[in-house]
There are 4 protein chains.
Amino acid sequence: MNIAFIGLGNMGEAIAQNLLKGGHVLTVFNRTKEKADALLQAGAQWAATPAEAVERAEVIFTMVSDDGALRDVTTGEFGFLPALLEGAIHVSCSTIAPDTSRQLAEAHQQRNTVYVACPVFGKPEAAQAAKLWLCTSGNEAGKAKIKPLLELIGQGVYDFGEDVGAANVVKLSGNFLLGCAIEAMAEAFTLAEKNNISRTAVWTFFTDTLFNSPVYKNYGKLVAEEVYQPVGATPALIRKDIRLLLDEAQKALVPMPFGQIVHQQLTATVAKGVKDIDWAGFAGEVSENAGVSKR
Amino acid sequence: MNIAFIGLGNMGEAIAQNLLKGGHVLTVFNRTKEKADALLQAGAQWAATPAEAVERAEVIFTMVSDDGALRDVTTGEFGFLPALLEGAIHVSCSTIAPDTSRQLAEAHQQRNTVYVACPVFGKPEAAQAAKLWLCTSGNEAGKAKIKPLLELIGQGVYDFGEDVGAANVVKLSGNFLLGCAIEAMAEAFTLAEKNNISRTAVWTFFTDTLFNSPVYKNYGKLVAEEVYQPVGATPALIRKDIRLLLDEAQKALVPMPFGQIVHQQLTATVAKGVKDIDWAGFAGEVSENAGVSKR
Amino acid sequence: MNIAFIGLGNMGEAIAQNLLKGGHVLTVFNRTKEKADALLQAGAQWAATPAEAVERAEVIFTMVSDDGALRDVTTGEFGFLPALLEGAIHVSCSTIAPDTSRQLAEAHQQRNTVYVACPVFGKPEAAQAAKLWLCTSGNEAGKAKIKPLLELIGQGVYDFGEDVGAANVVKLSGNFLLGCAIEAMAEAFTLAEKNNISRTAVWTFFTDTLFNSPVYKNYGKLVAEEVYQPVGATPALIRKDIRLLLDEAQKALVPMPFGQIVHQQLTATVAKGVKDIDWAGFAGEVSENAGVSKR
Amino acid sequence: MNIAFIGLGNMGEAIAQNLLKGGHVLTVFNRTKEKADALLQAGAQWAATPAEAVERAEVIFTMVSDDGALRDVTTGEFGFLPALLEGAIHVSCSTIAPDTSRQLAEAHQQRNTVYVACPVFGKPEAAQAAKLWLCTSGNEAGKAKIKPLLELIGQGVYDFGEDVGAANVVKLSGNFLLGCAIEAMAEAFTLAEKNNISRTAVWTFFTDTLFNSPVYKNYGKLVAEEVYQPVGATPALIRKDIRLLLDEAQKALVPMPFGQIVHQQLTATVAKGVKDIDWAGFAGEVSENAGVSKR
């Protein structure tokens, strides 16, 4: 297939490589061209604007930082929406508000094109290994057509129906659940520490036994050792996601006390100017409030 | 070995059976004798009081409902402490306050006997299958001596050192982490529901992928389906555990915002008179506050 | 002076009457004309649109329900902004977001007119008695010119400087502080009730002594007696204000745990469909969670 | 009357002086004798132990730091309970747990003596000026007999009935309400500060108008200026009171989210080692989490 890929951060670049390896024709665009070097060497074409990138594309993937960036590349001054071929399918992988998906889906439909929400779960290494977990929602025909492409980039696809915003709700919920696991472990490990019990011993026990899932193991290690490097995503970035979640909760009339606390911890982290750490480092707020801060 | 077992609830009875199967001589005591029937048929001896139960025992297991009950069988009117053989080891499996362990350990030491904390993780079925996870703390020699017995009842033993209260801190932390997972899923699933996304679909996705540990799978199923049966432990019982945790946090000067919220939800559940459900049913508070209560 | 008044709810009508009594020429507009009857009988002129209302006005007061309504009457299809006389001053009394004030102030300035923020504190009876408390911010010359008018409607004016959004921040903070007082009393009175102490006795004591301010006295009476009538403002309306406050907190990076709780209680109240009560009725959430709900 | 007074801190000494000025015969005891100097010069008698102090007393006042200290002077080794004259009335002014009052009341009754709870509200200056607010509960005859004495030390007495713990619940609730006012102002003033609005201007406005009660004025000034001197009561001391309140809430099944937050803020303050400030200084936690700490 003729595919366009827009947004070549760590995640986007890895996904694009897997599409290329699948034997598809790929045209790419990114704000800074250097990020495209490896892809161009591997056979991808460069486009000077989002609009140029999609000229011949049957399917367009986007993986950008937030709602504003997605609107820019789609409906902005050099956005690709007016340039889309009839019937083209936009696979939107960014973590954004459900309403942004709904509005863009309508804008696509008015031009006889299709917008499918397809947020992804996994770190850059998982993206490289084609081991992402994918959530989809939106137009059924569109989802059916892109299925073979999604199989090139992920280890599983879960569909959440025709409301195109649904997969975005699930993605935001995922980051929320991660945040809750981090806060819960931070509280438990800090209580252990102040009882002279090794944080790492507690982490080992729980993640060997009851909580033996990769996210508890991996994020828990950061919280146990209080080393929040390397930076997978910054506190400010995930704080934005949690805010999007709380915006949905506000509209849907769902009190989310855990959501509020995770947001407050991230807000305090950002307000104090702590930024060069992985977002799991908001766990440091718990230590700080218990008088045993390592920061 | 000659072993005494005191406290034959669902958990205690299952553990005692596995000790018996291991070829040991077992004397048992329980407040209500009927609970002992199966064990007596399998070859255990009955004792009329805790004191009588321990007369010849090298090792004494206790598995009772709370701190008060443990004090009763140990230092109460018919308690076994004065009747212990010199060098006898008390393996205390109940979920209790760390300070109760510390005080009892001292009382045992004064009588040249040993108290080891050994709280367990797992449901009754896990106890039957000898698949419990065990945490130990306290006297090193005592722990070494009971090691072969613990291998008969669990699938793994994690030690937390010589401070006898440490394993109790870990046990309370475990129930806290479970409570956090329940609240987090309740918030996420309720947000999904109010966005017309199936609670069960969200549960399936997350517990197939990022949160694929038994506790998310099992407790999450209850929260997703909002059927809180059968009753593993009541809201009132686990509320007691969370309160013990918060008492530790209070003493150790650790603010635990998640802990407070889990406690508040359990308190509201109990205050409203909801009792014939598993404790995970406190998740119903989230639904109720979002106006979609099933209760 | 020639004055226009737009928005004749309970508050607006009372304020307009006091301006009229001050001897000024008044033209009024409201979505439903009946609300203007008393004013028209007292000598005010009716205008068919906001634009028509301001044609000769030196000063324009607006008192509408929210940000959207204010934008409608100002920059909407029949909005008055294009119709303003040069130098006209818009006194904006509604409870709105600071950024709405900032944007409108700029829009006014581009047309050589002036926008002053002037949110008010007080119930309709206080408005009738010209006993409102007024907060102002924005253009200094504009504020100086309207001073005599403000003295006709309030018992005191507090200025918060040239940033036109400042008075709106203060207004939102006021509703937040009221919400906190309500929640705090709800918790204290419910604890008293469950200790068999009269809620009213506790209210009497505290509001006679340490907390002898009108807001504790008046809102506290509602909370003590659990009769949330008559409806001064609905839970949904003030929930909107608290959300605006939290939006500011989010932008300014200020964790506000009390703000989050007040918002959650109001959200639960609205989600449960409770609406024909004064907003102080969110205090009923505390009773409900303690198992002593009167609803 | 022949009166004994035990506990001569800033509060106790001031109360005792007013009793002496009322023309009564006063015998005093304090752990450190120097605190009694002024009273002895003014005509009071010194007693070497609590027991000696009460030998001839018809009424005994106690004003000590906590539950433990009160038990010490009453039922401890040198405690006065066995030495009381038949019919003597113990007026217990300390801030303690309701159950401590209930237990001591029963102990007094068994010796044909009377225990009345009489916690007080006010700072040392109010005590000197005989302007305290007094809450009473317990035996009706006892309360009637001490009425004239209470009028010497306070400006008003509020009674809460025969359950002797009731006045203690009210006292704990008072400290809770103060804590809530402090936290609420801290959040509002910090939001103002980060919007470049003067904290003091906001404090002036609210405490001149809606919240014009002494406690908002006085505590609010500390929070506005962020100068937490002089030390009226330490964070650790009032944290103990809030914990007693939460213990009551726990027993009475009342979720108190504001109570939990005030306790967490005080816990963080104490955990960080901040101690030489007035307890209102826990407001600094809000500033710290917003990145604008002055500490």
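The values are calculated or read from the model by the stated rules, or taken from the named source; none is laboratory data. Everything quoted here is computed from the prediction, not taken from an experiment. Here the Cβ is made from the backbone with ideal geometry for all residues, glycine too, and neighbour counts use every protein chain on show. Ligands, DNA and RNA are stripped out before the accessible areas are found, and what is left, the full protein with its side chains, is counted by its heavy atoms. Shrake-Rupley method; radii C 1.70, N 1.55, O 1.52, S 1.80 Å.
When the residues of the range A:250-261 are filtered to those that are under 21 Å from B:GLY179 (Cα atoms) and of a type in the set (A, V, I, L, M), which remaining residue is surrounded by the fewest Cβ atoms within 10 Å (Cβ to Cβ)?
Step one: of the range A:250-261, the residues under 21 Å from B:GLY179 (Cα atoms) are A:254-261.
The next check asks that each one be of a type in the set (A, V, I, L, M); those that pass are A:254, A:256, A:261.
Values: A:VAL254: 29, A:MET256: 30, A:ILE261: 21.
Once the filter is applied, the top-ranked residue is A:ILE261.
Is it true that A:ALA280 is under 17 Å from A:GLY174 (Cβ atoms) and in the same structural domain as A:GLU225 (by TED's automatic domain parsing)?
The answer is yes for A:ALA280.
Hey, among C:VAL254, C:VAL262, which residue is under 21 Å from C:ASP66 (Cα atoms) and not assigned by TED's automatic domain parsing to the domain that holds C:ARG102? Even if it seems obvious, please write down each step before you answer.
Working: C:VAL254 fails: under 21 Å from C:ASP66 (Cα atoms).
Only one candidate passes the filter, namely C:VAL262.
Out of the residues in the range C:262-291 that are more than 10 Å from chain B (Cβ to nearest Cβ) and part of a loop (DSSP other than H, G, I, E, B), state the one that is least open to solvent (accessible area, probe 1.4 Å).
Filtering the range C:262-291 for residues that are more than 10 Å from chain B (Cβ to nearest Cβ) and part of a loop (DSSP other than H, G, I, E, B), the one least open to solvent (accessible area, probe 1.4 Å) comes out as C:ASP278.
Please find, among C:LYS194, C:LYS123, C:LYS147, the residue that is in the same structural domain as C:GLU225 (by TED's automatic domain parsing) and either touching a His at 6+ places or on another chain (Cβ under 9 Å) or farther than 24 Å from C:ALA252 by Cβ (or both). Quick ask: steps written out before the conclusion?
Details: C:LYS123 fails: in the same structural domain as C:GLU225 (by TED's automatic domain parsing); C:LYS147 fails: in the same structural domain as C:GLU225 (by TED's automatic domain parsing).
Testing whether each residue is in the same structural domain as C:GLU225 (by TED's automatic domain parsing) and either touching a His at 6+ places or on another chain (Cβ under 9 Å) or farther than 24 Å from C:ALA252 by Cβ (or both) leaves just C:LYS194.
Run C:THR267 past the list (1) within 30 Å of D:SER137 (Cβ to Cβ); (2) without any contact (Cβ under 8 Å) to a residue 60 or more places away in the chain; (3) of a type in the set (Ser, Thr, Tyr) and report the number of the one that doesn't hold.
Result: C:THR267 passes all but (1).
Just to be sure before I move on: is C:GLY7 at positive phi and either surrounded by 20 or more Cβ atoms within 10 Å (Cβ to Cβ) or in contact with a Pro (Cβ under 8 Å, 6 or more places away or on another chain) (or both) in the structure I sent?
Working: at positive phi: yes; either surrounded by 20 or more Cβ atoms within 10 Å (Cβ to Cβ) or in contact with a Pro (Cβ under 8 Å, 6 or more places away or on another chain) (or both): yes.
It is true that C:GLY7 is at positive phi and either surrounded by 20 or more Cβ atoms within 10 Å (Cβ to Cβ) or in contact with a Pro (Cβ under 8 Å, 6 or more places away or on another chain) (or both).
I'd like the residue in the range A:52-63 that is touching a Leu at 6+ places or on another chain (Cβ under 9 Å) and among the acidic types (Asp, Glu) and, out of all such residues, is surrounded by the most Cβ atoms within 10 Å (Cβ to Cβ). Before you say what the answer is, go through the steps one by one.
Restricting attention to the range A:52-63, the residues satisfying the condition of being touching a Leu at 6+ places or on another chain (Cβ under 9 Å) are A:54-63.
Right, trim to among the acidic types (Asp, Glu) and you get A:55, A:58.
Values: A:GLU55: 14, A:GLU58: 18.
My answer is A:GLU58.
Looking at (1) in contact (Cβ under 8 Å) with a residue 24 or more places away in the chain; (2) away from chain C (no Cβ under 14 Å); (3) in contact with a Lys or Arg (Cβ under 7 Å, 6 or more places away or on another chain), which is the only condition B:VAL254 fails?
Just one mismatch for B:VAL254, condition (1).
Residues of the range C:64-99 being open to solvent by less than 10 Å² (accessible area, probe 1.4 Å) and part of a helix (DSSP H, G or I), which ones? Break it down stepwise before answering.
Of all residues in the range C:64-99, those open to solvent by less than 10 Å² (accessible area, probe 1.4 Å) come to C:70, C:74, C:79-80, C:88-94, C:96, C:98.
Result: C:LEU70, C:THR74, C:PRO98.
Go through the range D:26-44 and give me each residue that's buried (at least 16 other Cβ atoms within 10 Å of the Cβ) and either over 16 Å from D:VAL91 (Cα atoms) or among the polar types (S, T, N, Q) (or both). Write out each step before concluding.
Narrowing the range D:26-44 to residues buried (at least 16 other Cβ atoms within 10 Å of the Cβ): D:26-30, D:35-36, D:39, D:44.
Residues satisfying the conditions are D:THR27, D:ASN30, D:LYS35, D:ALA36, D:LEU39, D:ALA44.
Taking the range D:181-222, which residues are under 21 Å from the mean Cα position of the chain (by Cα) and touching a residue at least 60 places away in the same chain (Cβ under 8 Å)?
D:ILE182, D:GLU183, D:TYR219, D:LEU222
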